[in-house]
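Since every read-out is calculated from the coordinates, none of them should be taken as a lab result. The model shown is predicted, which means the values in this text are computed figures rather than measured ones. Positions of Cβ are backbone-derived with ideal geometry, glycine not excepted, and every protein chain shown enters the neighbour counts.
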Amino acid sequence: MLDAIPVLSSQECELARQAVHALRSSWITRGSADYPFYTVGAASYIDAVPGTKPPRYSEILVETNPVLREHFDWLYARVMNKLSVHLQAVVRTADELALPGFHVWQGLSVPTSSLSIHFDLQYLSVPWPDVARSDHSRPLSFTLPIALPRGGGGLNTWDLSFEEQAAQLQASKFAPVEEIAQSRTRTFHPYTPGVLMLHSGHTLHQIAAVDQAYPDDERITLQGHGLYCDGAWTIYW
């Protein structure tokens, strides 16, 4: 299940886009030399991967969290308020975790081919402040599009849950998710700038590619996850 939550007007999306560009010196280069993309902030799926040496997640967030909070405090307040109303619970951040940050693709680097098919399991590797009391059975993931390329943008999902995949693994019927996805129904969920898309992260999903990228294309999204603990949701990236 995906929920669409209006958060920003078109004018506010443009303000956020300009603020991201104002922080160009803080963009972290990711991807390949031929097809780079960028993050603004620490990205747990890259920087907190087990075995990463040196462990960069905590080091990066110490540098980038203050910058993000200075420039996007208004945006975090808006997102947290909208999520709190939707979830009917307190929404907070934690000093030990990276603030929700930005994915940035530009020009011909905007994805035109299939990207990773995955579940969001970052909460297993980040330095979570209260592991023992946290509820891993219902995590959250969200994307807030700020700017989209000419071909649009969205999320592909398949009718396979992490819980089903885990059960197959226990029954010794494991198969790579890419293989399973070929026999499952794929659904495309289009993005709209300013409208936050919320899901569990436990449904198999993938960033949707566009048919064609153009030199003036841009894809900027605010990315975040959430985990429930002690009556509140802690959001992070």
- [ ] Arrange ILE180, ILE220 by Cβ neighbour counts within 10 Å, fewest through most, would you?
- [x] ILE180, ILE220
Task: 222 nm mean residue ellipticity, helices alone, for the chain (DSSP H n ≥ 4; -39,500 (n - 2.57); rounded to 500) - done: -8000 deg cm²/dmol
TODO: Can you quote the Å³ per residue value for the convex hull of the Cα atoms in region 55-166, rounded to an integer?
DONE: 172 Å³
Task: Share of Cα-Cα pairs in region 134-230 lying beyond 15 Å, as whole percent - done: 67 percent
Task: Cα gyration tensor category, rounded, prolate or oblate, for region 1-55 with a/c compared to 1.5 - done: oblate
Task: Counting all C-alpha pairs of the chain, share separated by more than 22 Å (%) - done: 54 percent
Open item on the list: As an exercise, find the ratio Rg/Rh for region 30-98 from alpha-carbon atoms, using the Kirkwood inverse-distance average for Rh.
Closed with: 1.05
Task: DSSP-assigned coil residues among GluC sites (Glu not before Pro) in region 38-81, each with at most 16 further Cβ atoms within 10 Å - done: none
TODO: Report the relative contact order of the chain, percent, no decimals, based on alpha-carbon pairs under 8 angstrom and at least 6 residues apart.
DONE: 32 percent
Task: Cβ-defined net charge surrounding ARG24, 13 Å radius [Lys, Arg +1; Asp, Glu -1] - done: 0
- [ ] Scan region 77-186 for trypsin sites (Lys or Arg not before Pro) in coil per DSSP, keeping those whose Cβ has at most 10 other Cβ atoms within 10 Å, and list them by number.
- [x] ARG133, LYS173
